[in-house]
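Peer 1: I have a structure I would like to understand better, so I am pasting it below and will then ask my questions one at a time.
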Amino acid sequence: MTNDMHLGIEETDSCHPSGVPMESAVCGQQELHNLLNVLRPYGTAQNPVGVRDIKQVDSSPAFTDQDTSLIIAGPCSVESEDQIISTAQALVQIPEVKMLRGGIWKPRTRPDAFEGRGEQGLVWLREAKHATGLPIATEVATPEHVELALKYEVDVLWIGARTVVNPFSVQQLADALNGVDIPVFIKNPVSPDLNLWLGAFERFLKAGLTQLAAIHRGFAYYKETPYRNFPMWEIPIELTQRLNVPLITDVSHICGNRELLQATAQKALDLATDGLMLECHINPDAALTDGKQQITPDELKLLLANLTFRSRQSGDVERDLAGLRGEIDDIDSELLQLLARRMEVSEQIGEYKKRNNVTVVQMDRWKKILADHIATGEEMGLSAVLINKVFDAVHQASIERQGRVMGNED
Ligand code: PEP
Ligand code: MN
């Protein structure tokens, strides 16, 4: 197995027509090679290893440079030559940005929406690569996409969340890439299914791909959350415990809006992610896809400046703990939403009672509910004291809310 890659980056000074200092961009094959050292190799084409063995195969750190995170930025979609070139030229001036992303084929929920520029977009994306020296990454969903992406010198392929849910598609992509040693970043499937995600890694691994990384982009959730895709941090953490692959957090698709980006990016770094993917557009409000979550290069610069990058020296203990803390944060966030939802329902009951002349407090019903909760909670290992305290507080707040509803209507 070799780490050497022939990724077709031109080694010329023309990487910086914008006058950006040399050290601020990736330019040339050696730099790109260093950059992609983030990718922990595991297994070989001749001797692919099973998922369970991977962690034992190589426990080397994700980065050779202990304090660098791989920052991937660029628009959700490549829309026009001017859009991608001007975005890339602004991004290359941000030293932390090491790779340019751009969607060429866009999976859309409904027909007739903008579905990407296809091959024409690849021409422009390659132009952006040559103009800035930034390696380029795009999503591939079919073997035809793979063929075209390779033809237009795409450096890194990623597999989208909607594709990873379908083992047929993943296998087709793995077959199309058999024998091609290109980095492939695998997004989590839309559904919170760790095995499906692991299975996708296994398929690429068996096809001989050695440079794999995971992208966490959050999960579809059964109810509304402040996020577009609920992070469920524990799942990517578990993945990195099972598989020795770098983890990149796609903050934009987790958040779905600009407001949550900063805090979520920081949280990802605190959980010891190896990199961030952020959607960036020269004019986000005019973006053809995902406008609400995209930011300008200037805003990205500010966001990155306000992040605290953790040292990568910390061991597994720290990361495991961070995973558990992330899980606690998710649970607290769910508890808050459930409490708010409970209050809303309680208010609706208050309105009904008012209309039908029923008293607010029906003590018998409440006593029975509380006894049931205590019995159920004890079966789950919770103390009766805790259940009493929590539900008493919740019930009191509910009564007050209903009381206000009934009073207000007079
Ligand atoms: C994207 O990165 O633009 C995209 C479509 O992502 P996902 O597959 O995570 O939805
Ligand atoms: Mn997008």
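Peer 1: For labels at ARG341 and THR308 in the simple 7 Å Cα→Cβ model, what's the distance in nm?
Peer 2: The modelled label-to-label distance comes out at 3.3 nm.
Peer 1: For segment 210-225, what does the Karplus curve 6.51 cos²θ - 1.76 cosθ + 1.60, with θ = phi - 60°, yield as ³J(HN,Hα) per residue in whole Hz, taken in order and with x for Gly and Pro?
Peer 2: These are the phi-based 3J(HN,Hα) values: 10, 10, 10, 9, 9, 10, 8, 10, x, 10, 4, 10, 6, 9, 4, 9 Hz.
Peer 1: Same structure, new question: Once R0 is set to 41 Å, what does the formula 1/(1 + (r/R0)^6) return for the Cβ-Cβ distance between ILE328 and THR142, expressed as a FRET efficiency to the nearest 0.05?
Peer 2: Once the sixth-power term is evaluated, E becomes 0.55.
Peer 1: Next question, about the same structure. I want to make sure I understand the PRE zone here: with the label point 7 angstrom from the Cα of LEU150 toward its beta carbon, which residues in segment 170-191 have backbone N atoms less than 19 Å away?
Peer 2: 170-186
Peer 1: Let me ask something else about it. On a straight-distance basis, which lysines could pair with LYS223 in a cross-link, Cα separation under 21 angstrom, same-chain partners fewer than 8 positions away excluded?
Peer 2: LYS292
Peer 1: While we're here: Structure shown: which of LYS206/LYS267; LYS354/LYS389; LYS187/LYS267 lie over 22 Å apart, alpha-carbon to alpha-carbon?
Peer 2: LYS206/LYS267; LYS354/LYS389
Peer 1: Explain nothing, just the number: dipole magnitude of segment 91-225 about its Cα centre with +1 on each Lys and Arg Cβ and -1 on each Asp and Glu Cβ, in debye rounded to the nearest 20.
Peer 2: The dipole of segment 91-225 has a size of about 280 debye.
Peer 1: Right, another one. Please list, in chain and number order, the residues 5+ apart from LEU278 or on another chain whose amide H is under 5 Å from its amide H, with Hs placed from the backbone.
Peer 2: Residues meeting the criterion, in which the H sits 1.01 Å from N, are ILE72, ALA73, GLY74.
Laboratory data are not the source of any read-out in this text; all were calculated from the coordinates shown. Quick caveat: nothing in here was measured; it's all calculated off a predicted structure. Reconstructed Cβ throughout: ideal geometry from the backbone, glycine too, with neighbour counts over all protein chains shown.
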